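The values are calculated or read from the model by the stated rules, or taken from the named source; none is laboratory data. On a predicted model such as this, the values are computed, not experimentally measured, just so you know. With ideal geometry, Cβ positions are generated from the backbone for all residues, glycine too; neighbour counts draw on all protein chains shown.
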Amino acid sequence: MRYDGRLKKWNAERGFGFIVADDGGQELFAHISAFPRDGQLPTLGERLSFEVEPDRDGKKRAVRVRRAGAVPAARAHTANRSLCLSRSGHDQRKTGFGSKLIVLAILAALGWFAYSKYANYAMKIPSAHQSAFAPAAPATRAEPVLSTPPGFQCDGRKHCSQMTSCKEAKAFLKNCPGMEMDGNHDGVPCEQQWCTGSFAE
């Protein structure tokens, strides 16, 4: 059973004093160890609540002393735990909201990546379609390749008098620069010497 009272006497040097209950009872011995360990020293006249137990000599003494308005340790623990739980719940709600934001950001990034890939693919399809049906470029006409007799080489001869046949004269005219064997520039060299009559072969 708890009683209410006031601290009537206190010896700070020896760490003990006396409490008087409000109902006008006797003075009860109270040791410093019976007070809460909250760093506050007992002060004369302060309101206290306490329980009563006999000491080794059978005399009554005040134990488990609490200051007026102080929350019991069990209640304080419960209140602190409730506060922690409420804070942790608030933190969990914050964490859950942050996680949702992160997931939404990742989904948005994936959607944008997929859309950009699709846009690039869609742009490539028309160009490939057009290139497949584009008209073919006209084939360039290949220039005829002049046949050179085996073992032929320009050796500095450029006059008809230096040739041995019409065939040789034509080969020199076609393949060697600076020839002087086609006076009328009709593409037939040495018309008077080699490329007339039976020599024209």
Seminar exercise, completed: Going through the stretch 10-55 in order, the residues found to be farther than 11 Å from residue 66 by Cα, surrounded by 13 or more Cβ atoms within 10 Å (Cβ to Cβ) and touching a residue at least 24 places away in the same chain (Cβ under 8 Å) are 10, 17, 19, 28, 29, 30, 31, 52
For this session: Being among the hydrophobic types (A, V, I, L, M, F, W, C) and not in a strand (DSSP E or B) is the filter here, so list the residues in the stretch 1-55 that pass it.
Result: 1, 12, 32, 34, 35, 41, 44
Exercise. Quick one: residue 148 ticks every box in (1) at pLDDT below 70; (2) among the polar types (S, T, N, Q); (3) assigned to a helix (DSSP H, G or I) bar one, so which box is it?
Worked result: (3)
